[in-house]
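Following: one structure in structure tokens, then a few remarks.
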Amino acid sequence: MHQRHRPAWAPDEVDIERPSVARMYDYFLGGSHNFACDRELAEQAMKVFPDAPHVVRANRSFLSRAVTALCELGIDQFLDLGSGIPTVGNVHEIVTAARPGSRTVYVDSDPVAVAHASALLSGTPSVSVLHADLRDPDAVLRDAVRAGGLDLSRPVGVLLVSVLPFVPDRDDPAGIVAAYREGTTAGSYLLVSHGTNDYQPTVVGEIEHVYERTTQPGVFRSRDEVARILAGYELLDPGLVDLIHWRPEPGALETDPLDADVARYSLIGGVGRRV
């Protein structure tokens, strides 16, 4: 089959014919680091789930609120797993504004995400980018210390923002989360968001079918399933909740683009403290 034009910024090893979750997410956010195959599948996903762009923006808003909250609790080093393609409101920008001098380590397995992040953030103080698979916690934590400069004897904010849906049950997401929990010290935090099938099981089943064509097929989970994955963490108020209800900004629900309909978002999350 004739291969489509490869952009100059795309690493040679990247298959530009197979959609990527990270690049589809970039497209939903209005980014430009995606290929025709990503845009085509993203458009198919939006035919099933037209609210997708609003959902990913709500996810970014939650990330900002939650990371700011951790900065206010004294956390000054962050490990962003499955960080994706850099966009406005990156973790290091949030923490630099809220807690200057904080360190951020980005981790992703997508070559485009890593290449773009490395180029964009080269020379940025206290920021490192790792090309690694979050499903290997021992290797990730080792490299986060050696190459990223994290100090695991001190509390760390570990971020899994809309990443666990792309870790299938066969890869034991609860075991992976437990390994990161055990690899960090008491007083560390875990920040998680996850699509849920509690509200629209038929619709999310169709979305899962669309994502089967990507490099990382996704799965929605129930609130109870996500809660079990977070075992061992003490959740901060308000707990594991619909994402738009996690400490919303004043007036946010009144002006919500989806009328604050949690079913249309089908997105939950929370922040837990390692005790």
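Give me the net charge of Pro86's neighbourhood, meaning all other residues with Cβ under 14 Å from the Cβ of Pro86; Lys, Arg count +1, Asp, Glu -1.
Computed value for this residue: -3.
Please tell me the relative contact order of the chain in percent, rounded to the nearest whole number, where contacts are Cα pairs under 8 Å and at least six residues apart.
Here the relative contact order equals 19 percent.
Which whole-Hz couplings ³J(HN,Hα) result when phi for each residue of region 156-173 is put into the Karplus expression 6.51 cos²θ - 1.76 cosθ + 1.60, θ = phi - 60°, listed in order with x for Gly and Pro?
In residue order, the calculated couplings are 10, x, 9, 10, 10, 9, 6, 10, 4, x, 9, 10, x, 4, 5, 8, 6, x Hz.
Please check the chain for the longest run free of GluC sites (Glu not before Pro) that are loop-located per DSSP (anything but H, G, I, E, B) and have at most 13 other Cβ atoms within 10 Å.
On the way: sites that count: Glu13, Glu17, Glu212, Glu254.
With a cap of 13 other Cβ atoms within 10 Å, the longest stretch comes to 18-211.
Dimensions of the chain along principal axes (Cα, Å, largest first)?
Ordered largest first, the chain gives principal extents of 52, 41, 38 Å.
When N counts the residues of region 166-275, how does its alpha-carbon radius of gyration compare numerically with 2.2 N^0.38 Å, as a ratio?
In units of the 2.2 N^0.38 Å rule of thumb, it is 1.15.
So what is the relative contact order for region 27-153, in percent, with contacts set as C-alpha pairs under 8 Å and at least six apart?
Once divided by the residue count of region 27-153, the mean separation gives 19 percent.
Hey, could you get me the Stokes-Einstein D for region 115-228, Kirkwood radius over alpha-carbon pairs, 37 °C and 0.692 mPa s, rounded to whole µm² s⁻¹?
207 µm²/s
About its Cα centre, what dipole magnitude does region 127-268 give when the only charges are +1 on Lys and Arg Cβ and -1 on Asp and Glu Cβ, stated in debye to the nearest 20?
440 debye
So in the chain, what percent of DSSP beta bridges are antiparallel if you round to the nearest 5?
Roughly 40 percent of the beta bridges in the chain run antiparallel, per DSSP.
How big is the dipole moment of the chain about its Cα centre under a simple scheme where the beta carbon of each Lys and Arg is +1, that of each Asp and Glu is -1, and everything else is neutral? Debye, nearest 20, please.
500 debye
For region 196-273, state which trypsin sites (Lys or Arg not before Pro) are in a DSSP loop and have at most 14 other beta carbons lying within 10 Å of their beta carbon. Write down the numbers at each step before the final one.
On the way: sites: Arg213, Arg221, Arg223, Arg228, Arg264, Arg273; in loops: Arg213.
Here the sparse-neighbourhood loop sites are Arg213.
We did not get these values from a lab; they are worked out from the coordinates using the rules stated. Computed from a prediction, not measured in an experiment: that's the story for all the values here. All Cβ positions, glycine included, derive from the backbone under ideal geometry; neighbour counts span all protein chains shown.
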